[in-house]
Every structure is written in C-alpha cells, then in structure tokens.
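Worksheet for the structure shown next.
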Amino acid sequence: MSRFVADAIDLLLVLVAVGVAYLGVAATDFLLAPRRFAWPSPGALAIGILGWGLLTVYLTVAWSGTGRSVGKQVMGLRVERHDGGGLRLGHAFLRALLCAAFPIGLFWSLFSRDSASIQDLVVRTKVVYDWQPRVPTRPGDNGRTAAESDSA
Amino acid sequence: MGVEETVSADSQGGVTLNNRAAPPPADLVDLAERAFRTALGLASLVAGSVTAAVTEAIRGEVREPDDEPQPDDGESWPKPLAPILAGAALDVAIESARVGTRVTSAFGRSLRPWISFAKSPTFVRERLGRIRGRLYELDDRWRKEQQEDESIGSSFVGAVVPQIVDATLDQLDLTELVLSRVDFERVVDAVDLERAVSRVDVDAIVSGIDLDAIVARVDIEAIVRRVDLAAIAREVIDQLDLASIAKGVIDEIDLPQIMRESTGTMANETVEGVRVQSMIADRTVSRFVDRLLRREAERDESEGDA
C-alpha cells in the first residue's frame, strides 16, 4: 500500500512539473509575442514524452542519490539493492526506465511473496521501510527516534 | 535700710532671702536699731502665725497658704480685736524704740565732745586704760571659750533640730506642699532624659518579651480576611505595564521558534501517522492476498519489505 501511495505522489509531482513547464512555455510565448498569443497546444504525444522523460530523470536521480524519491520519503520507504546497498546510477536509470514504461508491473508487489514488483525482480532491488517512529518524550522535543529517547 | 536689703517680703507675704550681704553698719546706733527692728519683725511674724493658727483652731476654717496674715495690717481677713491690739502695741513699741534710739544717738552725738574732753586728763586716761585692759582680758577669755561654746551650741542644735523638723513635718502635708510649690516642668527640663534612657538596657527588656506568644495571639486569619485582595490585585495590575511585560516575555521565549517546532512536530506526526496507517494497510493487504492465494508460509516481513 505504501508503495502505491509513494508512487502516486511521485507521479503527481511529475504531472505538476509538466504543467509548470507548459505554463512556462505559454508565458514565454506571451512575453515574446503578446498580441499573437494563443495557448500552445503541443499535443498529447509531446506532453506524454515530456512527462515520461521527466519521470525517468527524476526517479533516476532520486534513487541513485538517497534511494528515495519524494513520495518514498513521505512514506518512509527506500529503494535498495537486493544485498542491502544503494543503487548506482545505471542501476537506478534502468529501474526508472522500467517503472516509467511499465507501471503495471508494480502491482505485482501485492502478490509477490517478497512484496517485489516486476521491476524489482528484473533489476534485483527491493523497497524497504526506512523510518523509526519518533517518540516525543517531553513537550517541546522535536521528537527523537526511539533509539535516542531515553524513556519508554 | 539695711534690713530690707537682706530680707524682703514678697507679694504673698512669704519671706525670701536675697543673696546679698548687708553693708557694714555706719555706727553702733544704726546697728542697734537694725537689730531691734529685725527682732521685732521676727516677733511679729511669729505672733501673726500663732494668732492665725489659734484663730483657725477656734473657728475650724480651712485657710489657704496665700492667706497668711500680713504683719501688722490684717487686711486680708476680718478683724478680730486681739491681733489689732497686738499690732497696735507692736507699732507703738517700734515707734518708741525708733524715737528712743534717735534721741539716744542725738544725745550720744552731743555728748561726744564732752566725753572726749572728759577723757583728756591723764588720770582719767589711765583709769580708762586700765578699764580697757580689763575689758580686753574679759573679751579674750570670752573669745577663747567662744569656740567651745559654739560647738556645744551647734551640737545642741544638731540634736534638737531634727526633732523639731520631724515635729514640723508631721504637721505639714509635704506631698501637698511639693505638688503646689514645685515647678515640675523645670525639674523635668533639668533632668537629662537622654542619659537616663541610654542607661536603660532595651535588649534585656526585649529579650524578656515572649514575642512568639504575642504573635500567637494575633488572629492572622481575621487580618487576612479583612485585606481586600481583589482590590489590591486590581491596583497592582493597573500599576503594571502588562503590555511591555508581555512583549518582554515574548521576546525572551522566542515564540516563532516554538511555533516552528510545533508545526514541524505536527507535520512529523502527520507524516508518521500516514506511514503507520500505510504499514498497517500493507500488512492487511498482504495477509488478505495470502489468504486469497492460500499461502501458508508467512511473508518475510522481518526486514520490513514494503
């Protein structure tokens, strides 16, 4: 469940980015030729390619960096190699490509015994929980992790 | 005259002594007259007092000290006959004495040349010389015995006077006398109160006081109840500049930081809430799917695969 929420968040982010890009283009158009301004209509394909490209790039960067995209950060998840290490750039790129091209594969994680999606199986990664519940011990605490707090 | 200088009568008829010595007598006659008048004055004073006492005893009236009878004039009170007769007799005596002394002195003055003439012949002078010598001897003898006589006299006085004084004081109400005659203001003014007070050991006095017992008797509850605390509080609040105090407090406690932290904490808690919920959802879904697929083996959730 958490994976889907994370991915949904990421997707939403990318869509927003696409929207912003579109608006940017429109604004530039307007600035350059205000009198002849008309909303640009690049067509669905262009937008789809743009979105897909953005998604891939974004996911690659995120997973190769911390193993977390924004969505995964929110849900406290992380992408790791099968042996527990972080992803290299190429690895991440491959995975991002597969996720962007074949999102259906993610649903396999519901059924998989290891909660692995098709992409995970292909590139040998896994998605794990990566957060400690923060236990506020005293008012005014930022909340420390369970390991740091000194009271139960 | 010389007598008036040493002794004078004040307005109330009492006698006060002035601290001035009389000048030496001009001559024997004057001295004699003065002595005679002193004796007469004393006698008249005594007589007056005795008469007044007798009269009082007879009549039973209460007299004030102011009403001491004036010598010889009896103006201040009704005139019984005896004092008048006595006064008249005394006055006659004084006058006759005065006349007598004057006549005598005049006669003596007139006689002086005759006396000196009578003294001039030698045999008279011899005689007179012998008489004078005898007189000197007698005088010397008297003077030698004078000391002894005087000491006898003074010891007698020393023995008798205390008894007389005692008897006198028994007749007087000394307390009343002191109260009426002593100016206590002046007495108190003369007393150095500061020195007297400085000799008082206040420490000892205070240490003798049991302050605990005193305070225990004070009903503090009643006092506190009477205090209008609401009014006091209101006044205090009015006096305080609450706005600046509040501003100072806010500046000190860094309210923005607290808000940031609480917001951050809120955000964290929200996120954590979401994460926990999604974890639970994950588990639920996976169990559901497992049951659906009739998988007996549990999923490996020890590592927390999402």
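Read-outs throughout are calculated quantities, based only on the coordinates presented, and are distinct from any laboratory measurement. No experiment lies behind these values; they were computed from the predicted model shown. Don't worry about glycine lacking a Cβ; one is built from the backbone with ideal geometry, like all the others, and counts go over all protein chains shown.
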Neighbour-count ranking [beta-carbon atoms within 10 angstrom, fewest first] of A:Phe93, B:Phe288: B:Phe288, A:Phe93
Neighbour-count ranking [beta-carbon atoms within 10 angstrom, fewest first] of B:Met279, B:Met259, A:Met75: B:Met259, B:Met279, A:Met75
Simple label model, 7 Å out from Cα along Cβ direction - A:Arg81 to B:Phe156, nm: 15.3 nm
Where labels lie 7 Å past Cα in the beta-carbon direction, separation of A:Ser41 and B:Asp212 in nm: 10.4 nm
B:Asp219-B:Leu240 FRET efficiency (beta carbon distance; Förster radius 35 Å; 0.05 resolution): 0.65
Sites B:Ala32 and B:Ser198 - FRET efficiency at Förster radius 45 Å, r taken between beta-carbons, to 0.05: 0.15
Extended-chain gain in nm, criterion 0.36 nm per residue less alpha-carbon gap, B:Ala231 and B:Glu56: 55.5 nm
Ranked B:Thr175, B:Thr38, criterion: other C-beta atoms within 10 Å, fewest first: B:Thr175, B:Thr38
Built amide H within the under 5 Å cut-off of A:Leu77, gap 5+: A:Asp130
Additional length obtainable on full extension of the chain from B:Arg291 to B:Ala43, 0.36 nm per residue less Cα span: 73.7 nm
